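Each remark here refers to the structure printed beneath this line.
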Amino acid sequence: MGQLNSFRDLKVYQKLKGLHLDVHRESLLFPKFELYELGSQVRRSSNAAPAILAEGWGSRHTNIYIEAINRALGEVRETQHHLDVAKEKTYLTEQRFADLDAGYDECDRMLEGLHQALSEWRGTVRTGKVVREESAMYGSEQVSIGWNQSVEDTLKSEELLP
């Protein structure tokens, strides 16, 4: 188990960044009239997911990091929508669409796993789309888990992902 020193060490960040670069290259092949329409939208949403994850990493508050993960999930799903449209408009082959979509599905699962691990660590329970926070006794040992434990828990959650 390695140590996470930066958002760049997160496997999900690396995959999202790689997918963004793939999507960017593909979108530049769209018809010229789509470069600033659908092309621009898919480039922005595919770039936003890893950027939001990187931004959230820097937060000193777990609940803000969890919110960043939720926002990154939204960007992943928005990107998948734009890819659906690109496929329907025949700007992507069926195979290229399937490859990109599978990559985003994997990132979706990884982000969900990271969200769940952080929520459980923080003493919350996620049921469907609702996060319920249990009352915490501030100043207790339960709340005073340090950064190293958080990193350790994040690494463990990544090991559980497919």
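Some points to look at:
- Cross-link pairs beyond the 30 Å C-alpha cut-off, checked among Lys15/Lys89; Lys17/Lys89; Lys89/Lys156: Lys89/Lys156
- By the beta-carbon count within 10 Å of each Cβ, the least crowded to most crowded order of Tyr36, Tyr91, fewest first, is Tyr36, Tyr91.
- Ordering Lys156, Lys15 from the fewest to the most neighbouring beta carbons within 10 Å gives Lys156, Lys15.
- For the stretch 1-112: rounded, prolate or oblate by the Cα gyration tensor [a/c cutoff 1.5]: prolate
- Phi-derived couplings, Karplus 6.51 cos²θ - 1.76 cosθ + 1.60 at θ = phi - 60°, listed residue by residue for the stretch 99-108: 5, 5, 4, 5, x, 6, 4, 5, 5, 4 Hz, with x used for Gly and Pro.
Here, each number is a calculation from the coordinates, and none is a lab measurement. Quantities reported herein were computed from a predicted structural model and do not represent experimental measurements. For neighbour counting, all protein chains shown are included, and Cβ atoms are generated from backbone atoms with ideal geometry for every residue, glycine included.
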